[in-house]
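Let me begin by presenting the structure, written as structure tokens, before commenting on it.
The values are calculated or read from the model by the stated rules, or taken from the named source; none is laboratory data. Computed from a predicted model, the values in this text were never measured in an experiment. Counting neighbours? That spans all protein chains shown, and the Cβs are built from the backbone with ideal geometry, glycine included. For the accessible areas, the whole protein counts, side chains as well, though only heavy atoms, and no ligand, DNA or RNA atoms are used. Shrake-Rupley method; radii C 1.70, N 1.55, O 1.52, S 1.80 Å.
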Amino acid sequence: MINRRDFLKSASLLSLGALAACNSKEATPAAPVENKNKGLGLQIYTLGPEMFAGDLSANMKRIREMGIKNLELAGYNAESHKIGEVELADFKKAADDNDLKIVSSHVTPGVLMAGMFQRPGAPAQKPKTLKEMVNDVKEFWKPVAEDHAKLGVEYLVQPMMPPMTVVNVETAKDFANLLNVSGEVVKATSGIQFGYHNHNMEFAKVTADSKAAVLGDLFSGMGMRDAQIIEDLYMDNTDPANVIFELDCYWTVMGQQDPVAWLTKRADRIHMLHIKDFMVLGASGAMNFKNIFDKFYANGRKYFFIEIEDTNSGKQFGRLEESAKFLNMSDFVK
Ligand code: MG
């Protein structure tokens, strides 16, 4: 027999199903155990320089030993064709040797950024509009897709939009068109599925004639008539075959939105998640990971990636170990 205090203590850690089981005579509540045999993923941006410090293969081994199976890359360089300072083939070999699967990669089209801004010291030029960059973006993705086909990734994901390029409904649609064209080229070149990853700015609202001195100002348009959320405009103005969405749950909350509501209304478009908290996963108590994972799995999806900021802290391996343990101990993570 367990006493009432112990029962309540255990019950708060258990799902409703387990709670029902506790009501039967024979059942005793099981303490959560660490299960390292799940489909945990890591966005390697998390580790910053720690990813490449010392022996890469030993670092991969350490990652795998946390129960992580899937990687999403960051830091691919389209000019050097390297990831960090490492040749792509060497990076893939280290991952293969340690039973880590490279599922996805984040790549920002440099051409998009360069076209929008005046580079220091470069000859003065008139910045291009989003409409004027369609061909530049197409040409950018072709060799990138070829490189990533060699890595065997399933997804290529654009992680952000250039700040201050989307300020009204028309520019949001122009950016959606760039995403759509990118997805078309990536698929035609390599068969890889293209996607887009959000921050908080995509949950700002725009109207036909809205303007913003800084992008954050668009959040003040919450009550504006006919205002539309930028992320909705991206989803509604891209072909689902060309562009899937990777929802960053933390940035969604920072955009004053509920990740579960998005997973519900956009079940067909959101294929992957970034699982992120203020720092170590689960420590803030602010992210309702159980509801997020439940809905994500109910939608038939499987790939998610741990992400932790403060990448230059030198503390990232430790934080990742704590975060992986939190997910390994949580029975809502499969
Ligand atoms: Mg993210």
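Does THR311 satisfy being among the hydroxyl-bearing types (Ser, Thr, Tyr), open to solvent by less than 10 Å² (accessible area, probe 1.4 Å) and within 16 Å of the ligand (Cβ to nearest atom)? For THR311, the condition - among the hydroxyl-bearing types (Ser, Thr, Tyr), open to solvent by less than 10 Å² (accessible area, probe 1.4 Å) and within 16 Å of the ligand (Cβ to nearest atom) - is not met.
Rundown of residues vs (1) touching a Ser or Thr at 6+ places or on another chain (Cβ under 8 Å); (2) within 13 Å of the ligand (Cβ to nearest atom), yes/no style:
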| residue | (1), (2) |
| --- | --- |
| ASP258 | yes, no |
| LEU263 | no, no |
| MET272 | yes, yes |
| GLY285 | no, no |
| ALA298 | no, no |
| LEU327 | no, no |
| PHE332 | yes, no |
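Given the condition farther than 24 Å from ILE192 by Cα, in contact with a Cys (Cβ under 8 Å, 6 or more places away or on another chain) and of a type in the set (A, V, I, L, M), answer yes or no: does some residue in the range 308-324 qualify? The answer is no, given that none of the residues of the range 308-324 is farther than 24 Å from ILE192 by Cα, in contact with a Cys (Cβ under 8 Å, 6 or more places away or on another chain) and of a type in the set (A, V, I, L, M). The residues of the range 253-276 that are in contact (Cβ under 8 Å) with a residue 40 or more places away in the chain and assigned to a loop (DSSP other than H, G, I, E, B), listed by number, are GLY255, GLN256, GLN257. When ASP90, ASP99 are checked against the criterion of being part of a helix (DSSP H, G or I) and among the charged types (D, E, K, R), a single residue qualifies: ASP90. As a summary of the residue check, TYR155 satisfies the conditions (1) more than 16 Å from the ligand (Cβ to nearest atom); (2) aromatic (Phe, Trp, Tyr); (3) open to solvent by 10 Å² or more (accessible area, probe 1.4 Å) except for the one numbered (1). Every condition in (1) surrounded by 21 or more Cβ atoms within 10 Å (Cβ to Cβ); (2) within 16 Å of the ligand (Cβ to nearest atom) is met by THR108 except one, and the failing one is (1). Scanning the range 244-291 for residues that are aromatic (Phe, Trp, Tyr) and on the phi > 0 side of the Ramachandran plot gives no hits. Out of the residues in the range 186-201 meeting the condition of being open to solvent by less than 20 Å² (accessible area, probe 1.4 Å) and within 19 Å of MET133 (Cβ to Cβ), tell me which one is farthest from the chain's Cα centre (by Cα). Checking each candidate, the answer is VAL186.
Of the residues making up the range 31-64, those that are among the aliphatic types (A, V, I, L, M), assigned to a helix (DSSP H, G or I) and loosely packed, with under 15 Cβ neighbours inside 10 Å number 1. When you check ALA241 against the structure, is it open to solvent by 10 Å² or more (accessible area, probe 1.4 Å) and out of contact with any Ser or Thr (no Cβ under 8 Å at 6 or more places or on another chain), yes or no? Judged against the criteria, ALA241 is a match.
Restricting attention to the range 290-308, the residues that are surrounded by fewer than 20 Cβ atoms within 10 Å (Cβ to Cβ) and touching a strand residue (DSSP E or B) at 6+ places or on another chain (Cβ under 9 Å) total 4. Apart from one condition, LYS205 fits all of (1) at pLDDT 95 or above; (2) touching a strand residue (DSSP E or B) at 6+ places or on another chain (Cβ under 9 Å); (3) open to solvent by 30 Å² or more (accessible area, probe 1.4 Å); the exception is (1).
Exactly one residue among MET133, MET161 is surrounded by 16 or more Cβ atoms within 10 Å (Cβ to Cβ), hydrophobic (A, V, I, L, M, F, W, C) and within 16 Å of the ligand (Cβ to nearest atom), and that residue is MET161.
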